[in-house]
Amino acid sequence: MHLIMLGAPGVGKGTQAKKLSESYQIPRISTGDILREAMQTGIALGLKARSYMDSGQLVPDDVVIGIVEERLHGEDCATGWILDGFPRTQQQARELDKILEKLKMSIGYVLNLEVEGEEIIKRLSGRRSCEKCQSAYHIFFNLPKKDGVCDSCGGRLVQRSDDREGTVRERLRVYKEKTEPLVNYYLERGILKKINADGDIEQVFKRISSHMQ
Ligand code: AP5
């Protein structure tokens, strides 16, 4: 199973990708998580990515394409994968096609999650993430068992630096300009599934699962 999660920032790609990853036992490859981890550990990749991420811009194509290419060669990707947050530009999509051709793999479905703008702002402004393992929570919709503490690893829950209002607006603008055109790119190939991502996490997951038969 080879899946791509597409959709605006905060629409719920990561949340649903994690559930799919558990359900189908295939790895979730999140370029955002990989970049944030690199920022935390202070390696060169993280230092390079920080200024782009903190201002809501996309990290340069060559950087993220390299990350994904290396990751897709991992043994655990042999039986399937879920790309979460990649591709995000036409160039990334074209390069992904070339990488997959070399690996003799092909995209099964592109799941395009859709909700209206106000709901996205609500989801992003209330999001809290674990500073250790990056699990996502929400102050209204997805509470941890213990306030401020990650259920999975016990880490502290914090607000992502790019979830501040000004940066969120810029991320949404960049999404419209650079990533939304990919909807047509995959629609024309007949592999795009539009998912109504309104409603609670389980409802959305059921809708996605109904496309996986
Ligand atoms: P990335 O980490 O990929 O962020 P994003 O795409 O902006 O997506 P988000 O993680 O913000 O949202 P999501 O859709 O995953 O929603 P989530 O499930 O968390 O990228 C961050 C940055 O890294 C980019 O801006 C860029 O700089 C860089 N980057 C990454 N990939 C790149 C690439 N390919 N090229 C270049 N640069 C790249 O949900 C949000 C909240 O809502 C959570 O609190 C969750 O609990 C809650 N929630 C989820 N579903 C529901 C629901 N159904 N009902 C109620 N609440 C819900």
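How about the stretch 69-157: which chymotrypsin sites (Phe, Trp or Tyr not before Pro) there are in a DSSP loop, with at most 12 other Cβ atoms within 10 Å of their Cβ? Provide the component values of the computation, followed by the final result.
Working: sites: Trp81, Tyr109, Tyr137, Phe140, Phe141; in loops: Phe140, Phe141.
Passing both the DSSP loop test and the Cβ count: Phe140.
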In nm, spacing of pseudo-spin labels at Leu143 and Cys77 (7 Å Cα→C-beta vector):
3.9
For the stretch 98-213, calculate the relative contact order in percent as a whole number, restricting contacts to Cα pairs under 8 Å that are 6 or more residues apart.
32
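Between the DSSP loop rule and a limit of at most 12 other Cβ atoms within 10 Å, which trypsin sites (Lys or Arg not before Pro) in the stretch 135-191 are left? Kindly include the intermediate steps, with their values, before the conclusion.
On the way: sites: Lys145, Lys146, Arg156, Arg160, Arg164, Arg169, Arg171, Arg173, Lys176, Lys178, Arg189; in loops: Lys145, Arg160, Arg164, Arg189.
Those that pass, being in a loop and sparsely packed, are Lys145, Arg189.
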Here the stretch 95-105 yields Karplus 3J(HN,Hα) values (6.51, -1.76, 1.60; θ = phi - 60°; whole Hz; Gly and Pro given as x) of 5, 4, 4, 5, 4, 5, 4, 5, 7, 6, 10
Using a ≥ b ≥ c from the Cα gyration tensor of the stretch 1-62 (square roots of the eigenvalues), is it rounded, prolate or oblate, where a/c under 1.5 gives rounded and otherwise the larger of a/b and b/c decides, a/b for prolate?
prolate
Please list the non-local residues whose amide H lies under 5 Å from the amide H of Arg128, H modeled 1.01 Å from N, same-chain partners needing a gap of 5 or more.
Tyr137, His138, Ile139
For the chain, what relative contact order do you get, as a whole percent, if you take Cα pairs closer than 8 Å and at least 6 residues apart?
29
Apply the a/c threshold of 1.5 to the C-alpha gyration tensor of the chain and tell me whether it is rounded, prolate or oblate.
rounded
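Note down the Stokes-Einstein diffusion coefficient of the stretch 144-197 in µm²/s, whole number, using a Kirkwood radius over alpha carbon pairs, 20 °C, and 1.002 mPa s.
So the translational diffusion coefficient is about 148 µm²/s.
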Descending packing, highest mean Cβ count within 10 Å first, for 71-78, 1-8, 30-37 is 1-8, 30-37, 71-78
Roughly what % antiparallel, to the nearest 5, for the DSSP beta bridges in the stretch 79-213?
60
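Summarise the long-distance tail of P(r) for the stretch 113-207 by giving the % of C-alpha pairs beyond 20 Å.
Taking all Cα-Cα pairs of the stretch 113-207, the fraction more than 20 Å apart is 51 percent.
Every read-out reported here was derived from the displayed coordinates using simple, explicitly stated rules and does not represent laboratory data. Remember, it's a predicted structure, so these values are computed and weren't measured experimentally. Neighbour counts run over all protein chains shown; Cβ positions are idealised from the backbone, glycine included.
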